[in-house]
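The values are calculated or read from the model by the stated rules, or taken from the named source; none is laboratory data. Keep in mind that this is a model prediction, so the values were computed, not measured. Note: ideal-geometry Cβ built from the backbone for every residue, glycine included; neighbour counts use all protein chains shown.
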Amino acid sequence: MITRRDFLKYVALSSATLLLGCAKKEVTPVTTPTAKPTYKAEFVLGYGKDHKLKGGKWGIGFFPKIHVLERLVEYDLKHDEYVPSLAKKWEVEKDGKIITFELNKGIKFSDGSEFNAEAVKFTVEWLKLNHPLGAETFESADVVDDYTVSINYKDAMFFNLAKMAEFHMSIMSPKSVKPEGDPKGEFVLPIGSGAFKVVDYKEEQYAIYAPNEFWYERFGIKPKFKRFVVKFIKDDDTRVMALKSGEVDAISDYVHGGSAYTPRNLLGPLKREGYNVFKRIIPLTWIIAFNYKKEPFNDVKMREAVDLAVNRDDVVKIFDNQVLPARTLFIEDAPGIKEAGVTYEYDPKKAKELVEEAGYSGAEVDMIVDKSQSDQILVCQLIQQQLKNIGLKVKLEVLESGAYKERRDSGEYDMRMYYIGGTDRRFYLRMYWRFYPGNKWSAYVSERTGELCKKILKEFDKEKRKRYLIEFYKAIHDEHGVVPLYFDIMTVVTSKNVDADYYSLFHYPNGIPFGEPLFYNVGVRA
Amino acid sequence: MNRLCVTGLGIILLIAILGLLAPLIAKNPYKTDLKDRLEPPSLKHPFGTDQLGRDLFSRVLWGARTSLFVALTISLISMSLGCIIGAVSGYFGGIVDDVIGRIIDVFLAIPELVFNIALVGIFCAAYGVSTWNVILAVVITNWVSYARITRGIVLSLKEREFVLCAKAIGAGEWYILLRHVIPNSIGPIVVLATLNMGNVIMTIASLGFLGLGIQPPTPEWGQMINAGKDYITTAPWLTFFPGLFIALSVLGFNLLGEGLRDVLERKSFIE
């Protein structure tokens with residue numbers, strides 16, 4: 001039997017214990033050193049295009065060209081300079097007909113074999129036989145010594161050096177083909193000196209890469225993952241959903257630029273939801289190209305009218321203002337743009353007057369657009385409305401890619417959406433493809449612009465080249481050859497648990513700026 | 001009054017009236033206003049706005065005009081063509097029936113949508129992009145079902161007494177066919193046409209969704225869903241309202257067709 005006193009004792013004891021238990025615990029501060037994050041062994045990327053690791057007409061995909069292979073030189077757009085990469089230095093002879101490259105020593109391909117002059121010679125010969133760009137560029141390659149190679153080009157021009165930074169001119173090991181080192185041999189798998197090596201590949205499904213330890217060693221950095229899985233998810237919206245569901249750690253635009261990209265209207269919402277959005281503006285300008293060889297756009301007044309009628313601020317709103325309106329032909333980092341001081345204005349009143357003056361008020365013109373470019377279809381619809389305001393009826397024709405190309409090549413159109421430039425490395429290449437006389441992918445060529453384009457692509461002297469570029473920008477503007485609409489971007493969106501930074505995404509470890517996103521320094525926190 | 005019939009008719013009439021009144025009650029479906037881009041439904045924009053700031057309510061209503069006009073045109077042409085071919089096949093029989101029967105079999109063997117896609121592609125390449133490509137392509141695949149049904153009906157009708165009587169008093173074959181046989185087979189064909197309208201609307205929308213149908217900026221439901229699919233997570237109204245109108249119009253025609261079939265079956269049973 002519990003007495004009243006015992007009961008009170010128990011109550012007092014329990015209360016004291018309870019109070020002690022509830023008292024704030026004195027915590028001794030412990031200083032722990034900042035722990036290094038632990039990373040998952042695998043990094044999964046969602047990407048909109050197959051990597052074509054078995055090759056094709058244009059070789060392997062652009063992504064492995066950047067991540068598995070490397071080039072002799074790289075291009076620094078801001079300074080308009082070609083900078084060393086696999087090559088240490090080079091000497092130009094006969095106005096660019098021959099360029100002799102001195103190669104860096106101690107570079108290894110991912111299979112451990114040595115990168116040397118023989119590998120360059122093999123690549124040149126292989127490209128000459130198997131690649132359209134190689135066929136039109138190279139004459140031959142001569143090994144001077146183990147680390148010196150002379151490349152003989154078909155024409156004498158600066159453009160030969162510019163091309164060496166191009167995707168397609170990436171150097172691969174002679175072991176990439178069977179029999180080894182035979183330029184006529186069968187392409188097996190790309191073996192390069194770049195950041196990654198191919199582990200597995202299933203066409204239209206995935207590619208699996210692993211870090212190339214020789215590359216990481218060369219730059220004194222360590223990879224944060226062991227496997228780099230790239231899932232090919234063609235539909236743009238599905239790619240975003242895959243990121244949201246955690247199926248992939250990041251999504252990236254097609255490194256070529258201009259298609260298979262993260263929908264621009266989703267970048268803002270993704271950022272607000274806590275995803276990391278990285279974007280880099282690239283020298284790729286979307287334009288309206290004219291069929292300037294026939295009526296009505298053989299009349300410069302009509303081209304000027306369209307130019308003045310386009311409200312670029314409205315155009316970029318379609319992309320949620322994630323891209324920039326093009327008031328110049330290229331972005332301001334492009335050589336000569338700032339100095340040229342040529343800007344494209346919006347003046348619908350003057351545009352209307354010009355149409356009336358040219359006698360085309362109320363005329364119907366057709367505009368063709370590729371069906372696969374859903375954003376461009378919207379842009380065209382907006383332009384259709386803007387041109388209606390100046391008295392032009394635009395008949396919009398959304399065509400299958402094949403039909404679009406057919407109409408483009410046969411010249412059965414008045415206007416079309418197109419692009420000039422590309423990622424940094426393609427600045428001069430697209431100058432050639434879009435403005436050089438006689439090219440089937442040209443955007444505009446007149447006697448004046450064609451001559452200037454020839455001079456630009458011939459001139460090794462940077463300052464002289466810049467002067468030609470300035471004249472070229474002025475000529476295109478004077479003749480209203482094309483109507484610049486907006487500057488495109490390259491984006492990468494990562495999950496919250498992905499460690500990535502803008503600098504390493506868009507710079508090589510040695511500081512060379514890249515227009516294409518790079519993933520060597522990405523880590524997925526466990 | 002058949003309840004299915006009335007409901008179906010009510011839905012169709014509602015959509016048709018909204019479509020017909022579009023110029024009065026809706027805004028300009030082409031007018032872009034980038035300031036009001038991707039606005040959610042509100043009093044100003046009952047169905048919200050699209051990527052170019054166009055009023056979606058107006059576009060859906062104008063889209064009703066497009067879809068119903070195209071579907072009606074296709075159905076009328078297919079019905080006329082199918083009825084005549086089917087009636088000729090069934091009535092005259094013999095080699096005519098064999099040839100037409102095999103042609104019908106060939107058409108039926110090819111999946112309809114795949115055939116339509118191929119045909120639209122060919123017509124676009126040959127004659128350029130136009131709404132008439134869609135009409136022609138769907139008519140080419142659509143007449144077959146009418147022909148098959150009409151043939152079956154005519155096969156049974158031609159043995160009936162009124163046909164024999166007509167023959168007995170010296171009426172010509174074509175006269176009997178056009179004056180007696182086809183008018184007597186019209187009931188089931190009307191049911192088929194009504195039910196088929198729903199299919200045609202779906203086909204037009206499917207082609208529009210695939211980018212093969214009516215071209216932008218002309219408002220058309222399938223094409224609107226295609227344009228809105230990229231925004232399904234951020235602006236679901238872009239796909240919801242055109243989708244709703246497709247579903248409603250298909251439902252309306254199906255209910256009307258089912259109802260008509262019930263009525264006609266009861267009538268023939270009583271007879």
Tally the residues that are surrounded by fewer than 23 Cβ atoms within 10 Å (Cβ to Cβ), assigned to a helix (DSSP H, G or I) and of a type in the set (S, T, N, Q), restricting the search to the stretch B:227-260. 2
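Could you run through the stretch A:313-326 and say how many residues are of a type outside the set (A, V, I, L, M), in contact (Cβ under 8 Å) with a residue 24 or more places away in the chain and out of contact with any Lys or Arg (no Cβ under 7 Å at 6 or more places or on another chain)?
Within the stretch A:313-326, residues that are of a type outside the set (A, V, I, L, M), in contact (Cβ under 8 Å) with a residue 24 or more places away in the chain and out of contact with any Lys or Arg (no Cβ under 7 Å at 6 or more places or on another chain) number 2.
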Specify the residue that is farthest from the other protein chains (Cβ to nearest Cβ); the eligible residues are those in the stretch B:197-232 that are in contact (Cβ under 8 Å) with a residue 40 or more places away in the chain and more than 23 Å from the chain's Cα centre (by Cα). B:G228
Identify, by number, the condition in (1) part of a helix (DSSP H, G or I); (2) over 22 Å from B:L13 (Cβ atoms); (3) more than 14 Å from chain A (Cβ to nearest Cβ); (4) not aromatic (F, W, Y) that B:S75 doesn't meet. (2)
Which of the residues spanning the stretch A:391-411 are farther than 29 Å from A:F159 by Cβ and touching a residue at least 24 places away in the same chain (Cβ under 8 Å)? A:G391, A:L392, A:K393, A:V394, A:K395, A:L396, A:E397, A:V398, A:L399, A:E400, A:R407
Looking only at the stretch A:313-337, which residues are within 14 Å of chain B (Cβ to nearest Cβ) and surrounded by fewer than 18 Cβ atoms within 10 Å (Cβ to Cβ)? A:D313, A:N321
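Here's the yes/no breakdown for (1) more than 30 Å from B:T218 (Cα to Cα); (2) in contact with a strand residue (DSSP E or B) (Cβ under 9 Å, 6 or more places away or on another chain); (3) more than 14 Å from chain A (Cβ to nearest Cβ):
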{"position": "B:G94", "(1), (2), (3)": "yes, no, yes"}
{"position": "B:R102", "(1), (2), (3)": "yes, no, yes"}
{"position": "B:L113", "(1), (2), (3)": "no, no, yes"}
{"position": "B:Y127", "(1), (2), (3)": "no, no, no"}
{"position": "B:V139", "(1), (2), (3)": "no, no, yes"}
{"position": "B:V144", "(1), (2), (3)": "no, no, yes"}
{"position": "B:G152", "(1), (2), (3)": "yes, no, yes"}
{"position": "B:L164", "(1), (2), (3)": "yes, no, yes"}
Those residues that are touching a Pro at 6+ places or on another chain (Cβ under 8 Å) and either of a type in the set (D, E) or part of a helix (DSSP H, G or I) (or both), I need them from the stretch A:463-515; list them, please. A:R465, A:K466, A:L469, A:D499, A:L505, A:F506
Does B:A235 satisfy being over 15 Å from B:L61 (Cβ atoms), within 14 Å of another protein chain (Cβ to nearest Cβ) and aliphatic (A, V, I, L, M)? yes
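Where in the stretch A:338-420 are there helices (runs of 4 or more DSSP H), lying wholly inside it, with at least 2 residues that are within 11 Å of chain B (Cβ to nearest Cβ) and surrounded by 21 or more Cβ atoms within 10 Å (Cβ to Cβ)?
Counting at least 2 such residues, we get A:374-388.
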For the stretch A:66-86, how many residues are without any contact (Cβ under 8 Å) to a residue 60 or more places away in the chain and over 22 Å from A:I281 (Cβ atoms)? 1
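Condition (residue is under 27 Å from B:V139 (Cβ atoms), free of Cβ contacts under 8 Å to residues at least 60 places away in the same chain and either of a type in the set (S, T, N, Q) or within 14 Å of chain A (Cβ to nearest Cβ) (or both)) applied to the stretch B:248-256: is it met by at least one residue? Before you say what the answer is, go through the steps one by one.
As a first pass, look at the stretch B:248-256 and keep what is under 27 Å from B:V139 (Cβ atoms): B:248-256.
If we keep only those that are free of Cβ contacts under 8 Å to residues at least 60 places away in the same chain as well, we get B:250.
Then keep just the ones that are either of a type in the set (S, T, N, Q) or within 14 Å of chain A (Cβ to nearest Cβ) (or both); that gives none.
So far as the stretch B:248-256 goes, no, none of its residues is under 27 Å from B:V139 (Cβ atoms), free of Cβ contacts under 8 Å to residues at least 60 places away in the same chain and either of a type in the set (S, T, N, Q) or within 14 Å of chain A (Cβ to nearest Cβ) (or both).
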Out of the residues in the stretch A:194-247 that are small (G, A, S) and within 14 Å of chain B (Cβ to nearest Cβ), state the one that is nearest to A:P64 (Cα to Cα). A:A242
Top-ranked residue of the stretch A:240-270 - restricted to ones that are polar (S, T, N, Q) and farther than 15 Å from A:V492 by Cβ, ranked as surrounded by the fewest Cβ atoms within 10 Å (Cβ to Cβ): A:S245
Among the residues of the stretch B:37-57, the number that are surrounded by 20 or more Cβ atoms within 10 Å (Cβ to Cβ), within 14 Å of chain A (Cβ to nearest Cβ) and out of contact with any strand residue (DSSP E or B) (no Cβ under 7 Å at 6 or more places or on another chain) is 5
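Residue by residue, here is whether (1) within 22 Å of the chain's Cα centre (by Cα); (2) surrounded by 18 or more Cβ atoms within 10 Å (Cβ to Cβ); (3) not assigned by TED's automatic domain parsing to the domain that holds A:A340 holds:
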site	(1), (2), (3)
A:M431	yes, yes, no
A:Y444	no, yes, no
A:R448	no, no, no
A:L452	no, yes, no
A:L457	yes, yes, no
A:R465	no, yes, no
A:A475	no, yes, no
A:S495	yes, yes, yes
A:Y502	yes, no, yes
Given (1) crowded, with 24+ Cβ neighbours inside 10 Å; (2) within 12 Å of another protein chain (Cβ to nearest Cβ), B:T194 misses just (2)
Among B:L34, B:L20, the single one that is away from chain A (no Cβ under 14 Å), farther than 21 Å from B:G243 by Cβ and in contact with a Lys or Arg (Cβ under 9 Å, 6 or more places away or on another chain) is B:L20
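Modelled with pLDDT of 90 or more and touching a Phe, Trp or Tyr at 6+ places or on another chain (Cβ under 6 Å), is that true of A:I368? Show your work before the answer.
Values: modelled with pLDDT of 90 or more: yes; touching a Phe, Trp or Tyr at 6+ places or on another chain (Cβ under 6 Å): yes.
Yes: the conditions hold for A:I368.
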Can you tell me how many residues in the stretch A:133-154 are touching a residue at least 24 places away in the same chain (Cβ under 8 Å) and under 26 Å from A:G56 (Cα atoms)? 6
Sort out which residues of the stretch A:36-83 are in a loop (DSSP other than H, G, I, E, B) and hydroxyl-bearing (S, T, Y), and write them in order of number. A:T38
Considering (1) over 26 Å from A:G194 (Cα atoms); (2) in contact (Cβ under 8 Å) with a residue 60 or more places away in the chain; (3) touching a Leu at 6+ places or on another chain (Cβ under 7 Å); (4) of a type outside the set (A, V, I, L, M, F, W, C), say which one A:R465 fails and leave the rest. (3)
Filtering the stretch A:204-231 down to residues that are touching a strand residue (DSSP E or B) at 6+ places or on another chain (Cβ under 9 Å) and in a loop (DSSP other than H, G, I, E, B), which residue is surrounded by the most Cβ atoms within 10 Å (Cβ to Cβ)? A:N212
Just checking, does the stretch B:177-190 include any residue being surrounded by 24 or more Cβ atoms within 10 Å (Cβ to Cβ) and either of a type in the set (D, E, K, R) or under 27 Å from B:G10 (Cβ atoms) (or both)? no
Could you check how many residues of the stretch B:1-25 are buried (at least 19 other Cβ atoms within 10 Å of the Cβ) and assigned to a loop (DSSP other than H, G, I, E, B)? 0
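Take the residues of the stretch A:433-442 that are free of Cβ contacts under 8 Å to residues at least 12 places away in the same chain and not hydrophobic (A, V, I, L, M, F, W, C): which is surrounded by the most Cβ atoms within 10 Å (Cβ to Cβ)?
At the first step, the residues of the stretch A:433-442 found to be free of Cβ contacts under 8 Å to residues at least 12 places away in the same chain are A:433, A:438-439, A:441-442.
The next check asks that each one be not hydrophobic (A, V, I, L, M, F, W, C); those that pass are A:438-439, A:442.
On the way: A:G438: 7, A:N439: 13, A:S442: 17.
In this case the residue turns out to be A:S442.
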